Amino acid sequence: MESSTVKAPTDAGARLRDHLARTKTGSWLDPWVKGALTALAGLIFVLLAYFLIKLFVEARPVFAAYGVLDFVFKVDWLPSQDTYGAGALVAGTVITSIVALIIGVPVAVATALFVTELAPVKLRGLISGTLELLAAVPSVVYGLWGFLFLAPKIKGIEQWFADTFSFIPFIGGEVSAANYFITGLILAIMIIPIVSAISREVMATVPADQKEAALALGATRWEMIRSTVLPYSRAGIVGGSMLGLGRALGETIAVAILIGGATSGVGDSLFSQGSTLASVIALEFQEATASPEHRAALIGAGLLLFAVTLVINAVARGYISRAESRLVRAEKDAKKAAAASAAGEAPKGPSLMSRVPRPHLPELVTSLSGRKRVDSIARGSVGFLTGVALLPLVALLAFLVIRGGGAISWDFFTTDPTGAAGAVSNANRFLGGDAAASTAGQDLGGIRSAIVGSLEVVGLAAVVVVPIGIAVAVYLVEYGQGTWFGGFVRYLVDVMTGVPSVVFGLFVYISLVVSQVGGVPFAGWKASVALGLLMLPIVINSSLPVLRLVPSALREAALALGVPRWKVILRIVLPTALPGLVTGALLAIARAAGETAPIIFTAGVATALVGDPNGPLNTLPAQIYADVTASSSAQHDRAWGAALTLVVLILLLSLVARLAQRRSRIS
Amino acid sequence: MSTDPQTPTRDTSIADGVETPLQTPASIAADPATKAARPAVTGTGHEVTLKNVKSFYGDNMAVKGVDLEYRANQVTAMIGPSGCGKSTLLRSINRMHEEIPGARVEGEILLDGVDINATGTDVVAIRRMIGMVFQRPNPFPTMSIRENVAAGLKFNKVKDVDHDERVEWALRGAGLWDEVKDRLNAPGVGLSGGQQQRLCIARTIAIKPDVILMDEPCSALDPIATLKVEELIQELKQEFTIVLVTHNMQQAARVGDRTAFMYLGDLVEVDETSKIFTNPSDTRTEEYVSGKFS
């Protein structure tokens, strides 16, 4: 047997050498693929560096003229006199965001509690699905609804409130149609889905045995929630609220429609007009083309906004990861305790006690009937707040369907908006001209050019950005794991996620539109660039977890079959992750399709059907924005029709995304 | 369930190894069509020689200088307690070890006298020569049974063999043909765990490597599936050199021609399986095989 196995090694060796020499494996491509993917990841750095440098350089004049502190805190933004102190804008941003948090967070936490702890199982999916629907509605539609429906409806209530509580500072006086409060209210409705979703996720991680321990001690349901669920998920709720705050700070179009646009000072009361950092950029950028100082001031406002959002998002992420690591820590503790007890050590008294949830309420409330009353009141108000959260959605959807459905006809989709209606209102809005021609009785036309333009702008952005985003995600998962460069790129992507869309719009405006790249100032492809910048971090962030879910066993199996790494990625990793990648890309596209602020900066004003992306293009969000800010009710109707169209398109995208997710082969 | 009439009895194969004429499972040999597609490998066994092999994870040496010879057309079973470095050593042999960031290998690993770690050697080509079967069955979820088996051929753009014939050959070789021949286009992940593992073995032998490394191939399988895979290993050694890492000493005794015992990164002893289990030279081996520690 020994002899039979010892073959002439030279023969076999020669055969092997020959074989190795002749085998074409394609592995020579590996370093190239790795290099190319690394370069793409490096592109993120180049982009972001150029973005920051460009903004700083352009904003320098205003910082040089006023000094950073004066620019931030002085309250005199007077473009007509060329003095710029952003204090009033900062104040407006802070006021609206605080209103949004005060109203939005309790409601969002209540919905999260209701869905995870109190609601009948059948209702849970329905409510969380509905809230996700709320997240898919683009902000311009919120602005439209707030401006045309909510603001007039609640003006009376606001006036009553202002009169009754006028003794409180900052409340009282005449209620303006557009004001801080109504803006904050709409922002609250917009952040509820985010805050609620993150709170739900965190609450779902509360260990069932802790909850059962509280219930077994005789706690009522509400006492259980207070003693276990809320303390456990506090960090996550704070983190989610901060993310919501980040969203509220950067929100542009809804605010621009609702806040009025006064910049000369901070309003006297909660119910007076004002401006935020984001809204002033959207409302004034066009007139600023004439004045370099004005432009520099707007860019300064954009930088300020970016800086604040960056800090808020960083803090938020810190809180959320703390909430997640708490679970890991608890498991570690449990393991340690188990090991200690296995080793025969008696667990120390205090550490064991601290793990038991402290049901303090049963001791405070002595009679059971009193505790029961507290329980039912608390549960009732949680349910009530959930209803409050769902109410605006129902109202919004009902209005969309009724008003928008009324505007929609076959002609609506097959004709372009007439030049008069679209262009005049736009000119009015942006150019400060007084060409407010009467449009009454005139045929306004439909929204064909807006639909086609939207598809063109978003499609162009998606075609370029989705592959790049997935490639960067592939780099991060396949090559960048554990390297400093991978971690650095990952961090940059997080930074990019936090950039408010209006700042991207501003960036494209100053770097592509003002310098007339391509021979024309405004062009559809420039809007695509802005949307692409917005989509890139979303695509990367949604692709990362999907690619990480591809079991490494599959990669190893393919590698062990003698497949070069690039082919493993192309033929194994990507096909396995495909459904999830499609979902992420579609959600990014849906998000971009509803963006308004970056488009009005870049695509310009157009009404006719144009195919050429190197020229002004009409888009659905821009059309809605132009129509809602016009004065004729016929244009408002067209805005509703366009809004319904946009929402249906976005919901279709989200639906397809969901279906793709369901096809996923990796759980 | 198919039963192969030509399954060799385990006892004889352990006792006198290559006494039986070299052949693939009889069903394949009997089929003239597949015979034509198969290059004559019979009789040209391939051996792997390790010379002072050290495997590192960063600064941590997991394999501390192993000299070992894996003989051609034999099953060498690797046993030892968890963390003794047997899986790391196995993964060093087809250079899968270096896929882990910071991992590296020192020493010489010779396949038929050729150093697989020599500079300029294509790692991908080496892995085609040295196939691997993993602990958990890992069929590609996006592919059908047929595509899974043909994956290696397709990825490597092997054009001079008929893929369908090779798929049948490999599935017969893995003892899976009768169970799946009517549903070759069904997804590979739809099979049972044991079938999936045999599918992975079929996928590995379809590209005809010289050596097959098996990393605890039965640890995720039930006893009946384990038995099937063990019988399969006995047949596969007619054509391939097999290294089997196992946690299960009974399994090593059943299928190993030779058995190597590793402890704390060192190779303690390698010898005929019967000797290892009845009369080991080293006391540590004796303690381990008699269950004194694990």
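The values are calculated or read from the model by the stated rules, or taken from the named source; none is laboratory data. Only a predicted model underlies this, so the values are computations on that prediction, with no experimental measurement involved. We place every Cβ from the backbone using ideal geometry, glycine too, and count neighbours over all the protein chains shown. In case anyone asks, the SASA skips ligands and DNA or RNA and just uses the protein heavy atoms, side chains included. Shrake-Rupley method; radii C 1.70, N 1.55, O 1.52, S 1.80 Å.
Numerical summary
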{"item": "Condition met for A:Pro575 (facing another protein chain (nearest Cβ under 8 Å), open to solvent by less than 10 Å² (accessible area, probe 1.4 Å) and either within 26 Å of the chain's Cα centre (by Cα) or closer than 22 Å to A:Ile470 by Cβ (or both))", "result": "no"}
{"item": "Test: residue in region A:181-189 that is open to solvent by 10 Å² or more (accessible area, probe 1.4 Å) and within 30 Å of A:Glu324 (Cβ to Cβ)", "result": "yes"}
{"item": "Residue within region A:133-149 that is over 20 Å from A:Leu393 (Cα atoms), in contact (Cβ under 8 Å) with a residue 12 or more places away in the chain, open to solvent by 50 Å² or more (accessible area, probe 1.4 Å) and not small (Gly, Ala, Ser) present", "result": "no"}
{"item": "Answer from B:Ser55, B:Ser82 - the residue that is more than 10 Å from chain A (Cβ to nearest Cβ) and outside any strand (DSSP E or B)", "result": "B:Ser82"}
{"item": "Residue in region A:195-203 that is open to solvent by 10 Å² or more (accessible area, probe 1.4 Å) and either over 23 Å from A:Ser97 (Cα atoms) or free of Cβ contacts under 8 Å to residues at least 60 places away in the same chain (or both) present", "result": "yes"}
{"item": "Exclusive hit being within 20 Å of the chain's Cα centre (by Cα), on the phi < 0 side of the Ramachandran plot and open to solvent by 20 Å² or more (accessible area, probe 1.4 Å), set A:Val458, A:Val466", "result": "A:Val466"}
{"item": "Residue selected from region A:539-568 under the condition of a type in the set (A, V, I, L, M, F, W, C), within 12 Å of chain B (Cβ to nearest Cβ) and in contact (Cβ under 8 Å) with a residue 60 or more places away in the chain, by the criterion surrounded by the most Cβ atoms within 10 Å (Cβ to Cβ)", "result": "A:Val550"}
{"item": "Scope region A:155-172; condition buried (at least 16 other Cβ atoms within 10 Å of the Cβ) and in contact (Cβ under 8 Å) with a residue 40 or more places away in the chain; matching residues", "result": "A:Glu158, A:Ala162, A:Ile171, A:Gly172"}
{"item": "Within region A:1-20, considering residues that are modelled with pLDDT of 75 or more and more than 7 Å from chain B (Cβ to nearest Cβ), the one nearest to the chain's Cα centre (by Cα)", "result": "A:His19"}
{"item": "A:Ile257 β-branched (Val, Ile, Thr), open to solvent by 10 Å² or more (accessible area, probe 1.4 Å) and part of a helix (DSSP H, G or I)", "result": "yes"}
{"item": "Some residue of region B:213-224 being in contact (Cβ under 8 Å) with a residue 40 or more places away in the chain and among the β-branched types (Val, Ile, Thr)", "result": "no"}
{"item": "Filter pass, B:Ile207 being at pLDDT below 90 and touching a helix residue (DSSP H, G or I) at 6+ places or on another chain (Cβ under 8 Å)", "result": "yes"}
{"item": "Given (1) part of a helix (DSSP H, G or I); (2) open to solvent by less than 40 Å² (accessible area, probe 1.4 Å); (3) in contact with a strand residue (DSSP E or B) (Cβ under 7 Å, 6 or more places away or on another chain), number of the condition A:Gly104 does not satisfy", "result": "(3)"}
{"item": "In region A:30-73, residue nearest to A:Thr497 (Cα to Cα) [restricted to those that are within 14 Å of another protein chain (Cβ to nearest Cβ) and open to solvent by less than 50 Å² (accessible area, probe 1.4 Å)]", "result": "A:Val33"}
{"item": "Candidates B:Val245, B:Val255 - the one that is in contact with a Leu (Cβ under 6 Å, 6 or more places away or on another chain), under 13 Å from B:Thr76 (Cα atoms) and of a type outside the set (Phe, Trp, Tyr)", "result": "B:Val245"}
{"item": "All helices (runs of 4 or more DSSP H) inside region A:380-482 with 2 or more residues being at pLDDT 90 or above", "result": "A:448-474"}
{"item": "Per-region count, region A:74-91, residues surrounded by fewer than 14 Cβ atoms within 10 Å (Cβ to Cβ) and within 17 Å of A:Ser279 (Cβ to Cβ)", "result": "1"}
{"item": "Tally of residues being over 17 Å from B:Leu213 (Cα atoms) and facing another protein chain (nearest Cβ under 8 Å) across region B:108-125", "result": "4"}
{"item": "Residue ranges of helices (runs of 4 or more DSSP H) in region B:181-280 with at least 3 members in contact with a Phe, Trp or Tyr (Cβ under 9 Å, 6 or more places away or on another chain) and either away from every other protein chain (no Cβ under 14 Å) or among the aliphatic types (A, V, I, L, M) (or both)", "result": "B:193-206, B:249-255"}
{"item": "Region B:126-167: number of residues that are more than 9 Å from every other protein chain (Cβ to nearest Cβ), of a type in the set (A, V, I, L, M, F, W, C) and open to solvent by 20 Å² or more (accessible area, probe 1.4 Å)", "result": "2"}
{"item": "A:Ile312 vs. criteria modelled with pLDDT under 90, of a type in the set (Val, Ile, Thr) and either in a helix (DSSP H, G or I) or touching a strand residue (DSSP E or B) at 6+ places or on another chain (Cβ under 6 Å) (or both)", "result": "yes"}
{"item": "Residue ID - modelled with the lowest pLDDT, chosen from residues in region A:79-123 that are in contact with a Lys or Arg (Cβ under 9 Å, 6 or more places away or on another chain) and of a type in the set (Val, Ile, Thr)", "result": "A:Thr83"}
{"item": "Which listed residue is in contact with a Pro (Cβ under 8 Å, 6 or more places away or on another chain), away from every other protein chain (no Cβ under 14 Å) and at negative phi, from A:Ala523, A:Ala588", "result": "A:Ala523"}
